[in-house]
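This report refers to the structure that appears directly beneath it.
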Amino acid sequence: MDVSDLVDTTTGRQKRTIYSNEELYKQELERIFGRCWLFLVHTSQIPKAGDYFRTFMGEDDVIVIRQKDGSIKAFLNSCTHRGNRICRADRGNAKAFTCNYHGWSFAPDGSLAGVPLENEAYFGELDRSKLGLVQVTHVAEYKGLVFGCFDPDAPSLEDYLGDAKFFLDVWLDAMPGGTSLLGETQKMELGSNWKLPVENVCGDGYHLGWAHAGAMSAVQSMDLAGLSVGNSSTNLEGGLSVAGMNGHMALTSLDGISGYAFYPEPKPMMDYLEANRPTAIERLGKVRGEQLWGSQINITIFPNLQFLPGLNWFRVYHPKGPGKLEQWTWAMVENDMPDEMQAAILDNQCLTFGLAGLFDNDDGDNLAACTEQSRGWRTAQMDVFTNMALGRSGPRDGFPGDIAAGLVSEHNQRYFYRRWQEHMQAESWAEVPTYNINSLSVEEPENA
Amino acid sequence: MLEMNPAPVLVEDMIALTQRLYHEARLLDAERFEDWLELLCDDVTYRMDLKRRRFRADRSPPAAVGAGVVFNENIARLKLRIDRLRSGYVWAEDPPNFVRRVISNVEIEPADAENEVIVHSVIVIHRNRIDGLARQFTAGRTDRWRHGTQGWCLAARDIALDHAVLPDSNINVFF
Ligand code: FES
Ligand SMILES: [Fe+2]
């Protein structure tokens, strides 16, 4: 389908049909989820050989497995005999995966290791070497984050991430010990198109003060007030909306502490930041070490990965049709954080953005209703708008990207839909533009 | 499970506690949160842990820092949730949803402390939210109820939610 008229980034307009149309959804599975690098797993979730983690790439069920040599491979979670799902657990450790249907057994490297009655029923004529699990074309890691990609012609993961690495590193590389995702997966089903939560978190600071007014008013009494300082209309100047990095976005405060200031007991968090600030500056340079590390930041990697240093939640959205998705969330920590601090982060993440999250529970119905209101014969033809602060962006010293001042703007959303349109229009990766606007020509030294 | 020769639970206690569970459910259905708080001990713990979904033979260790929770509340955090619901800004609850709790499988056994008992039960929460959207949560509960001067108060509740994927976009209800 031609999508040239469905999104207009110059005016900030989208046709609502993009949230409900079945044909467009199939095209998204092909041209976005079948083409982009998609987050699979964090290395901390599969530390040992044989550790595996089940996830999705678009609607394709995938198992990611740590190999004997420490490398990571990903396979379609589907038996090569009759197609049955071979793994029904969320994760674990396994020496083999045996299909429930007829008992074919696959080794962690994907090879077909055993077939019941191989000689008797197949007369020894089955070529097991051709019937291993189907491997995800590319799997690559960026500082603990493991991504997979189905498209053989995709750019390297490093190139795909582009200048978003400037922001990724604020989380992934500020401290020498690296990062982890904690706990079990917090899974929620939402009656929403997958683009709406991504759009919401990538740039929509506007909704915080109203959609989350109930949580804001209650939580202030528990001294989580820093949240409203960072994200509500009380401080429109105090941050940046950064986009134009191959479809990836960041929304960031610049104070270096706001991410942790709202914790019920912020003192240990502040102490940690203070004690390790010199390390962060040494590793990331002055701008990021002083202004970004410790700040509340929303990072979006196109199409469906988002994580928020500060609130410390990490999330992917798996599409389940044009009007449905599964939202998967974990708490995230730096491994250098003391155990008590990690436990406090996990607890607070569950309290604020978990399955019964005081804040998270405000978003679902809005996203679902926006989806439903794009399904009617008449509403599907209507437009929706992301035109706030149009034309008010530009470069900013020390930062990559096309930047709009403040956290309340629809600047990032426009770039999200621009990227969506670019992918949906392109027949192949060769036609997808690469851009890192205002790229920092001279990188800050790794070790100042 | 009741032992073959359990320390006897008095019939009066059985009736009183079962009635408490039903009463509690009716208070919550009617959003009488302040009255519900009256049934809780001051040191109440209210938990719902995230569950693991592993193969039976799986030997992988539990998560180091913890599995994470849906609820990990004390009385202050329960009040915080009630403050949010009472704020008038929780749009998902306005108009009020049709919420009905069904409590069943009540089983009572002695606890270690003399003035406490363990109460097992099952809760099903039906919610009719927007238009025809009806959702149901099913959970098992293991409670500790304590007998004091005010009668029975809830000292601890462990809730086991029976959904691998939460089938709704919020949990603006208490179990
Ligand atoms: S479908 Fe898996 S063994 Fe037949
Ligand atoms: Fe939100």
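Below are the figures for this structure:
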{"read-out": "Residue list for the stretch A:301-350, restricted to those being in contact (Cβ under 8 Å) with a residue 24 or more places away in the chain and assigned to a helix (DSSP H, G or I)", "value": "A:340, A:341, A:342, A:344, A:345, A:346, A:348, A:349, A:350"}
{"read-out": "Residue match in the stretch A:397-404 (condition: open to solvent by 40 Å² or more (accessible area, probe 1.4 Å), away from chain B (no Cβ under 14 Å), closer than 25 Å to residue A:285 by Cα and in a loop (DSSP other than H, G, I, E, B))", "value": "yes"}
{"read-out": "Residue within the stretch A:167-177 that is crowded, with 19+ Cβ neighbours inside 10 Å, within 14 Å of another protein chain (Cβ to nearest Cβ) and more than 29 Å from residue B:67 (Cβ to Cβ) present", "value": "no"}
{"read-out": "One residue from B:76, B:139 being of a type in the set (A, V, I, L, M) and either more than 14 Å from chain A (Cβ to nearest Cβ) or open to solvent by less than 20 Å² (accessible area, probe 1.4 Å) (or both)", "value": "B:139"}
{"read-out": "In the stretch A:355-376, the residues that are within 15 Å of ligand 2 (Cβ to nearest atom) and more than 9 Å from chain B (Cβ to nearest Cβ)", "value": "A:359, A:370"}
{"read-out": "Residue within the stretch B:17-37 that is surrounded by fewer than 19 Cβ atoms within 10 Å (Cβ to Cβ), at negative phi and within 14 Å of chain A (Cβ to nearest Cβ) present", "value": "yes"}
{"read-out": "Odd one out for residue A:88 among (1) more than 26 Å from the chain's Cα centre (by Cα); (2) within 14 Å of chain B (Cβ to nearest Cβ); (3) within 16 Å of ligand 1 (Cβ to nearest atom)", "value": "(1)"}
{"read-out": "Which numbered condition residue A:113 misses (of (1) surrounded by 13 or more Cβ atoms within 10 Å (Cβ to Cβ); (2) over 34 Å from the mean Cα position of the chain (by Cα); (3) free of Cβ contacts under 8 Å to residues at least 12 places away in the same chain)", "value": "(3)"}
{"read-out": "Some residue of the stretch B:88-95 being within 12 Å of another protein chain (Cβ to nearest Cβ) and more than 23 Å from residue B:37 (Cβ to Cβ)", "value": "yes"}
{"read-out": "Any hit, the stretch B:62-69, residues being closer than 28 Å to residue B:130 by Cα and either more than 14 Å from chain A (Cβ to nearest Cβ) or surrounded by 18 or more Cβ atoms within 10 Å (Cβ to Cβ) (or both)", "value": "yes"}
{"read-out": "Boolean, residue A:127 is away from ligand 2 (no atom under 16 Å from the Cβ), in contact (Cβ under 8 Å) with a residue 60 or more places away in the chain and either away from every other protein chain (no Cβ under 14 Å) or surrounded by 15 or more Cβ atoms within 10 Å (Cβ to Cβ) (or both)", "value": "no"}
{"read-out": "Tally of residues being buried (at least 20 other Cβ atoms within 10 Å of the Cβ) and part of a loop (DSSP other than H, G, I, E, B) across the stretch A:36-57", "value": "3"}
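For every residue, the table says whether it meets (1) over 28 Å from residue A:178 (Cβ atoms); (2) touching a Phe, Trp or Tyr at 6+ places or on another chain (Cβ under 6 Å); (3) not assigned by TED's automatic domain parsing to the domain that holds residue A:117.
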residue: A:15; (1), (2), (3): yes, no, yes
residue: A:26; (1), (2), (3): yes, no, yes
residue: A:31; (1), (2), (3): yes, no, yes
residue: A:73; (1), (2), (3): no, no, no
residue: A:76; (1), (2), (3): yes, no, no
residue: A:81; (1), (2), (3): yes, yes, no
residue: A:99; (1), (2), (3): yes, no, no
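Listed here are the residues, each with its yes/no results for (1) of a type in the set (Lys, Arg); (2) in contact with a strand residue (DSSP E or B) (Cβ under 7 Å, 6 or more places away or on another chain); (3) under 26 Å from residue A:185 (Cα atoms); (4) free of Cβ contacts under 8 Å to residues at least 60 places away in the same chain.
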{"site": "B:112", "(1), (2), (3), (4)": "no, no, no, yes"}
{"site": "B:126", "(1), (2), (3), (4)": "no, yes, yes, yes"}
{"site": "B:153", "(1), (2), (3), (4)": "no, yes, no, no"}
{"site": "B:159", "(1), (2), (3), (4)": "no, yes, yes, no"}
{"site": "B:162", "(1), (2), (3), (4)": "no, yes, yes, yes"}
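The values are calculated or read from the model by the stated rules, or taken from the named source; none is laboratory data. Note that the coordinates shown come from a computational prediction; the quantities given were computed from them, not determined experimentally. In this analysis, Cβ positions are derived from the backbone assuming ideal geometry, glycine residues included, and neighbour counts consider all displayed protein chains. When the accessible area is computed, the model is the full protein with side chains, heavy atoms only, and any ligands, DNA or RNA have been set aside. Shrake-Rupley method; radii C 1.70, N 1.55, O 1.52, S 1.80 Å.
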